[in-house]
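Asker: Here it is: the structure, laid out below.
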Amino acid sequence: MVTGKLTATLTSAQYLAVRYGINRNSQPNGAGLRVAPEAWGTSSNAFDSVNANHNWVVGPSALNELVVQFSRFNNDIPSTVDGPALVFPNGVRAGANPAAPQTTAQQKWQFRDDVTRAFARGGGHDVKGGVTWIHEPRLFISTRSLFTGQYTLTANTLTAPVRDVSVFGGNAEVNIPLDMFGTYLQDDWRATDRLTVNLGVRWDYVSGEPIDQGRNPNFLALQAAGRAGRFAGTALSDFGQEPAGDANNIQPRVGFVYDVRGNARDVVRGGWGLYTDFAYTNANMLNAALDAAGGSGLVFNANNPNGIQRPDGTFFRVGDPLSSIAALNVVNPNLPLLGGAVASPRLEQPYSRQASIGWSHELSGSTAISADYVRVDGRDLNLRLRPNVLVNGRRALADVGVQPNSIAFRTSLSAGSSQYDGLILALRRRLSRGLDVNGSYTLSKATSNIGPASDELDANLVQDISDPFGPVQDGPNTRTDARHRVTLTAIVQAPWAIQVAPFFMYRSALPTHTIEGLDLNGDGNTVDRTALAYQYTGVSDSGVATFKEAGPCETVNCSRRAPFSQLNLRVSRSFRLPGDARIEAMAEVFNLFNAKNPFIPVSTIRRSAANPALASFMQPTAYAGDFGQPEQRVGQVGFRVTF
């Protein structure tokens, strides 16, 4: 990584800064505790950026800030081995790297101009407005992932029957150019010497969405069915309407800060506003854009939750030729190659309604406490729904003529929602009498009807396709719904000028979706939730995790994984060197008590297709120090010289 910066004072009122950065790096792709090394790949990245920032003081009360940036990014993940990718019920992956080979190339221009002006009238106003334009002419993706196939097995052995075979073909590449426009206006108004009010409004628009899908036979089929009333009152009701961009992203905002007694010892603050986000491209557009380009898709797909059977009645297994189950291929060879992805013609950007109220109180000149309540309602969250499940033994979209006529068919919709409620209590003590302390406790609840966070690929957890956003789907978020969070940091001035700084973190258990492992509702999708919820309770001396029943399982993600805690410690002392120079010696220990911090996946399967209980159910797949996990106990020693 190399960076360089040039600054110049052009006049007494104008300042210019130009920065250039280059970054070249690589890291393993697909590596994990339960991923065989043969399935690992190498992801190589190249990033270049040029940024120019011009500040201009216009008169005695105005400032103009102009930012112009150009960036270029390239990523390459070459293929690893020949043969199919293998997926086992316990999460183990082997064979080919399912993400390789693929490349991504991105070029982006950004122009932003902000003007700030102060007015003395009415108690004082700081008015700020601006515009931004992000021009992204190149977002190019090329992939040949899974061209050698992916096999999903029914049990945790190479000899187990295969329940799903998916093979892709063609030459998938597409460019998704985008332009993002935004403008805003805000006013910080000092209404009185105790009250400051912030008023603002913002508008955002993305040009290039929804994408042109006129070449995608699946999109045309859905549009025709929608115009005929086929999807009225269903989750696919957008189809049949004319494509239109999301232009109604007007976002009003208001906030205030009130000094209760006028001495800054008790302060009340609050706010409300709408905030538009930009949807995760991989979750809403990428696959639909590849299909719209007409170059790639499934060439073979066969699925049976209980194991695919050959004509002689025996199970299909790894190593058997695909020709032995050719008759089970549900992909229509007379249609163009399609991955089975379509985006809604009325796809919208996600937004949130956010509200907060808080109070802080000064106990002394060095110590303060605070309490804040935050509510965030997410709307129009993008997700990829799989509507083509079995209904009474027949594919739900069989009459529409989509390809593939299987559960692999997906539709990108902006129909998800979420809710977050959090109470945050905090204590802050600035360094006084040799002690500095910062602590916080958060009591929260986070739910959504798409499974994980909205900036991730959505989980395929729909329990009833006739009501894909019903109460059973409104479950806790697998990565964010921790009821309790605690952080505590301190700086202690010990004898002999030694400084001790502990840092403690705690998070209560996150959810997991416990899957029964059988297709209980007959929809061809084995994600049916267990009848009971389960809660991790610990690890035995033999290394086996223990868990207990925790009542009925009423929603997806109803069970709970392991909590997390870690204490880090830093000890340092500064020594004087000749002149004004000093050297600081530091010793740090991370995870001082070597907490194991077991990691249980976001979903775990209770039984196999053959009906026996799985030993891997509710079992950790990683611990502290494993790949992708926080560190086990580790220490380091360093020195810092200042002069």
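The values are calculated or read from the model by the stated rules, or taken from the named source; none is laboratory data. Keep in mind the model is a prediction, meaning the values are calculated, not measured. We place every Cβ from the backbone using ideal geometry, glycine too, and count neighbours over all the protein chains shown. Heads up: the accessible areas ignore ligands, DNA and RNA and are worked out on the full protein's heavy atoms, side chains in. Shrake-Rupley method; radii C 1.70, N 1.55, O 1.52, S 1.80 Å.
Asker: Taking interchain pairs and intrachain pairs at least six residues apart, which have beta carbon atoms under 6 angstrom, with the first residue in the range 543-556 and free of Cβ contacts under 8 Å to residues at least 60 places away in the same chain and the second open to solvent by 50 Å² or more (accessible area, probe 1.4 Å) and of a type in the set (Ser, Thr, Tyr)?
Answerer: Correct list of pairs: Thr546/Thr537; Lys548/Thr537.
Asker: Among the candidates Pro311, Pro321, Pro336, which residue alone is under 30 Å from Ser142 (Cα atoms) and at pLDDT 90 or above?
Answerer: Numbers: Pro311 fails: under 30 Å from Ser142 (Cα atoms); Pro336 fails: at pLDDT 90 or above.
Residue meeting the stated conditions: Pro321.
Asker: On to the next question. Can you tell me which residues in the range 605-624 are touching a Lys or Arg at 6+ places or on another chain (Cβ under 9 Å), within 14 Å of Arg34 (Cα to Cα) and not aliphatic (A, V, I, L, M)?
Answerer: If we filter the range 605-624 for residues that are touching a Lys or Arg at 6+ places or on another chain (Cβ under 9 Å), which is where we start, we get 609, 613-614, 617-618, 620-624.
Of the ones still in play, those that are also within 14 Å of Arg34 (Cα to Cα) are 620-623.
Scanning the range 605-624 gives Pro620, Thr621, Tyr623.
Asker: Can we say Phe627 is in a loop (DSSP other than H, G, I, E, B), in contact (Cβ under 8 Å) with a residue 40 or more places away in the chain, of a type in the set (Phe, Trp, Tyr) and in contact with a strand residue (DSSP E or B) (Cβ under 6 Å, 6 or more places away or on another chain)? Even if it seems obvious, please write down each step before you answer.
Answerer: On the way: in a loop (DSSP other than H, G, I, E, B): yes; in contact (Cβ under 8 Å) with a residue 40 or more places away in the chain: yes; of a type in the set (Phe, Trp, Tyr): yes; in contact with a strand residue (DSSP E or B) (Cβ under 6 Å, 6 or more places away or on another chain): no.
Spelling it out, it is not the case that Phe627 is in a loop (DSSP other than H, G, I, E, B), in contact (Cβ under 8 Å) with a residue 40 or more places away in the chain, of a type in the set (Phe, Trp, Tyr) and in contact with a strand residue (DSSP E or B) (Cβ under 6 Å, 6 or more places away or on another chain).
Asker: Is it the case, given these coordinates, that Leu397 is buried (at least 18 other Cβ atoms within 10 Å of the Cβ), within 20 Å of Gly470 (Cα to Cα) and not β-branched (Val, Ile, Thr)? Spell out the reasoning first.
Answerer: On the way: buried (at least 18 other Cβ atoms within 10 Å of the Cβ): yes; within 20 Å of Gly470 (Cα to Cα): no; not β-branched (Val, Ile, Thr): yes.
Here the answer is no, as Leu397 does not meet what is asked.
Asker: Another question, then. Of (1) surrounded by 16 or more Cβ atoms within 10 Å (Cβ to Cβ); (2) without any contact (Cβ under 8 Å) to a residue 24 or more places away in the chain, Pro321 satisfies all except one. Which?
Answerer: (1) is the only condition that Pro321 fails.
Asker: Go through the range 95-115 and give me each residue that's open to solvent by 50 Å² or more (accessible area, probe 1.4 Å) and not polar (S, T, N, Q).
Answerer: Lys108, Trp109, Phe111, Arg112, Val115
Asker: Across the range 245-273, what is the number of residues that are of a type outside the set (Phe, Trp, Tyr), within 34 Å of the chain's Cα centre (by Cα), open to solvent by 60 Å² or more (accessible area, probe 1.4 Å) and over 12 Å from Leu195 (Cα atoms)?
Answerer: 4
Asker: If you don't mind, there's one more thing I want to ask. How do the strands (runs of 3 or more DSSP E) wholly within the range 1-92 filter down when requiring 1 or more residues that are touching a residue at least 24 places away in the same chain (Cβ under 8 Å) and surrounded by 15 or more Cβ atoms within 10 Å (Cβ to Cβ): which remain?
Answerer: Details: elements: 2-11, 14-29, 41-57, 62-77, 85-87.
The qualifying strands (runs of 3 or more DSSP E) are 14-29, 41-57, 62-77, 85-87.
Asker: From Val342, Val376, Val402, Val389, which residue is touching a strand residue (DSSP E or B) at 6+ places or on another chain (Cβ under 7 Å) and surrounded by 18 or more Cβ atoms within 10 Å (Cβ to Cβ)?
Answerer: Sole residue among the options that is touching a strand residue (DSSP E or B) at 6+ places or on another chain (Cβ under 7 Å) and surrounded by 18 or more Cβ atoms within 10 Å (Cβ to Cβ): Val342.
Asker: Which is β-branched (Val, Ile, Thr), within 30 Å of Ser324 (Cα to Cα), open to solvent by less than 50 Å² (accessible area, probe 1.4 Å) and out of contact with any Gly (no Cβ under 7 Å at 6 or more places or on another chain), of Thr143, Thr159, Thr154? Before you say what the answer is, go through the steps one by one.
Answerer: Working: Thr159 fails: open to solvent by less than 50 Å² (accessible area, probe 1.4 Å); Thr154 fails: out of contact with any Gly (no Cβ under 7 Å at 6 or more places or on another chain).
On inspection, the qualifying residue turns out to be Thr143.
Asker: Something else about it: Need at least 1 residues that are under 30 Å from Val389 (Cα atoms) per element, so show me which strands (runs of 3 or more DSSP E) inside the range 249-336 make the cut, counting only ones lying wholly within it. Talk me through it step by step, then tell me what you get.
Answerer: Working: elements: 250-259, 266-276, 296-303.
Filter on the range 249-336 gives 296-303.
Asker: Also: Restricting to the range 116-127, and then to whatever is part of a strand (DSSP E or B) and open to solvent by 60 Å² or more (accessible area, probe 1.4 Å), can you tell me which residue is nearest to Val197 (Cα to Cα)?
Answerer: Here is the first cut: in the range 116-127, the residues part of a strand (DSSP E or B) are 116-119, 125-127.
So of that shortlist, the ones also open to solvent by 60 Å² or more (accessible area, probe 1.4 Å) come out as 117, 119.
Working: Arg117: 16, Phe119: 15 Å.
The residue in question is Phe119.
Asker: Considering each residue of the range 560-609, count those that are closer than 13 Å to Ile498 by Cα, at pLDDT below 95 and open to solvent by 50 Å² or more (accessible area, probe 1.4 Å), and give that number.
Answerer: 2
Asker: Still on this structure, please answer the following. Hey, could you check the range 171-193 for residues that are more than 14 Å from Gly255 (Cα to Cα) and among the charged types (D, E, K, R) and say which is modelled with the lowest pLDDT?
Answerer: This residue is Glu173.
Asker: Identify all residues within the range 504-534 that are free of Cβ contacts under 8 Å to residues at least 40 places away in the same chain and either surrounded by fewer than 17 Cβ atoms within 10 Å (Cβ to Cβ) or of a type in the set (Asp, Glu) (or both); write none if there are none. So that I can check it myself, show each step before the final result.
Answerer: The first filter runs over the range 504-534 and keeps only residues free of Cβ contacts under 8 Å to residues at least 40 places away in the same chain, leaving 520, 531-533.
Answer for the range 504-534, where residues must be free of Cβ contacts under 8 Å to residues at least 40 places away in the same chain and either surrounded by fewer than 17 Cβ atoms within 10 Å (Cβ to Cβ) or of a type in the set (Asp, Glu) (or both): Leu520, Ala531, Leu532.
Asker: Ok, one more. Determine if the range 430-443 includes at least one residue that is touching a residue at least 60 places away in the same chain (Cβ under 8 Å) and either open to solvent by 40 Å² or more (accessible area, probe 1.4 Å) or closer than 20 Å to Leu274 by Cβ (or both).
Answerer: Yes, that holds for at least one residue.
Asker: While we're on this one: Is it the case that Arg561 is among the basic types (Lys, Arg) and farther than 30 Å from Thr514 by Cβ? Break it down into steps so the answer makes sense when it comes.
Answerer: Details: among the basic types (Lys, Arg): yes; farther than 30 Å from Thr514 by Cβ: no.
Here the answer is no, as Arg561 does not meet what is asked.
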